[in-house]
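Notes follow the structure.
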Amino acid sequence: MVAKIHKVNKRRSPFVRQLRRILPRASVLFDSEDTRPYECDGLSAYRELPWVVALPDTIEQVQAIMRLCHAEQIPVIARGAGTGLSGGALPQDGSLLLSLAKFKQIIELDPVARTARVQPGVRNLAISEAVKQHGLYYAPDPSSQIACTIGGNVAENAGGVHCLKYGLTVHNIQQLIIITMDGERVTIGGGGLDSPGYDLLALLTGSEGLLGIIVEVTVKLLPLPERAQVILAAFDDIEKAGNAVADIIAHGIIPAGLEMMDRYAIQAAEAFVHAGYPEDAEAILLCELDGINEEVSEQILIVHSLLQKSGATELRTAKDNTERELMWKGRKAAFPAIGRLSPDYYCMDGTIPRKQLATVLKRINEWSKEYNLPVANVFHAGDGNLHPLILYDANKPGELERTEEFGGKILELCIEVGGTISGEHGVGIEKIDQMCVQFQALELKQFHAVKHAFDPESLLNPGKAVPTLHRCAELGAMHVHHGQLPHPELERF
């Protein structure tokens, strides 16, 4: 191992010299004090100091860097704002971390076509802020939208509280420009809403940096609705809240957003934001309806009736936009609010059929008691996207490992009830073992075939998102011997 590290470090100096022919000295980082900010993404349980960090600010520089890395067989890991929650931007020794933080220009706004061409480092919220004057906005709105960037949103296929009605990132982009591993510039998608051939735009969305480096995104914009109003419903039982979600959708109403929080999350958010949440409730639903005035008025009456029949103990309707925004502020601040209650928390991300919501919540609660680890539940309830936050203390020996084991059970339960191991956070390194549970060998072979078509030498973000068949075979053998899949050990680096 020592010999391997020496060999890698010996290789770094000539590589840095070549990089500095492409970039200014200040844009090439390799000393530990300079690279420390890049050692992890939002999944901070896994850390590794980058070997080298490059900060280009032009597409031509990115192309030159990729050609150099391809020639030298140096793996490349793309990084945006670092807000990802699955370890997708985790550095690896001997790899170049390519930061796209300087790519933060809105290149062109077209209010007539309702599109915006942006660089990948543009913040999600900045797009809506820039086009508000035209009566438009960008629909996907992750909780981290104040900081997360559009390039990362495309890489992870991010959603947000309004994805139920308006879709994920994949439904809200029109064109990508990417740089391949060998430095070729490729345009995917176009000015029209459809194009012949395979849907490569959808393929690149959610590809987690495994297929190309995104350097430009054309997003679709929507007109601001005439009216948007939020109903807050409180419940004395979390299963009743879960069933209420199914009742609303079954009635044929598709809210703009339909979010759930349990007691733990309610109390944390209320202490942090003071949104006026009922702290004695076991769960609350936030249901936003939008559209033309008459449509919203009619739907509010119907939803009120459905929520009462589902057992809601309290109903409130936002009186104005200020109250509406405060209700959403509490939901979007849930993650940092939980961070005030525990030294560490592990944010899960799985998706289940809506009809299974109550069943899954009950099982999570049972496991929480079994593992003696508190769980705060925050959901994009309308589309079944769960975000259980497992509270733990990494300073206690073995507690991170127990937390990972608990989290693995939750993901496998999602598969068991007909769901999937990710809704919007991606796989990264966090869920790579559960990929072996969700997909069969032939399916994984096809994933690798797609990867090979774009990146034959597997130099783009290696070891992430798609497990090797060998890895799955080893895990399968352990499954037979121990009766369960082990929690990840090899991704600690």
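Measuring nothing but how far apart in sequence close Cα pairs (under 8 Å, 6+ apart) lie, relative to its length, the range 106-223 scores a relative contact order of 32 percent. Using the Cβ-Cβ distance between L326 and L442 with R0 set to 45 Å, the FRET efficiency from 1/(1 + (r/R0)^6) comes to roughly 0.35.
Which chymotrypsin sites (Phe, Trp or Tyr not before Pro) does the range 112-207 hold that lie in a coil by DSSP with at most 14 other beta carbons within 10 Å?
Y198
By the Cβ distance rule of under 4.7 Å, the chain has these cysteines without a partner: C40, C69, C148, C163, C287, C347, C414. In straight Cα distance, which aspartates and glutamates are under 19 Å from K329, not counting same-chain residues fewer than 8 positions off? Of all the aspartates and glutamates, those that pass the test against K329 - Cα under 19 Å, at least 8 places apart if same chain - are E129, D141, E259, D262, E270, E279, E288, D290, D320. Note on the chain: helix-only mean residue ellipticity at 222 nm, from DSSP H runs of 4+ residues weighted -39500 (n - 2.57) and normalised by residue number, equals -11500 deg cm²/dmol. Per residue, the average separation of C-alpha pairs within less than 8 Å and at least 6 apart gives the range 1-121 a relative contact order of 25 percent. For the pair R67 and N365, what calculated FRET efficiency results from E = 1/(1 + (r/R0)^6), where r is the Cβ-Cβ distance and R0 = 41 Å, to the nearest 0.05? With a Förster radius of 41 Å, E is 0.15.
Given the chain, report the % of alpha carbon pairs whose separation exceeds 37 Å.
Working: 35270 of 121278 pairs.
Here the long-distance tail beyond 37 Å is 29 percent of all Cα pairs in the chain.
Candidate cross-link partners of K445 among the lysines, defined by an alpha-carbon separation under 21 Å and a same-chain spacing of 8 or more, comprise K431, K464. Over all other residues within a Cβ to Cβ distance under 14 Å of G121, the charged ones net out to +3, with Lys and Arg as +1 and Asp and Glu as -1. The relative contact order of the chain comes to 14 percent, based on Cα pairs under 8 Å that sit 6 or more residues apart.
Any read-out appearing in this document is the output of simple, stated calculations on the displayed coordinates, not a laboratory observation. Just so you know, these numbers come straight off a predicted model, no measurement behind them. Ideal geometry is used to build each Cβ from the backbone, glycine not excepted, and the neighbour counts take in all protein chains shown.
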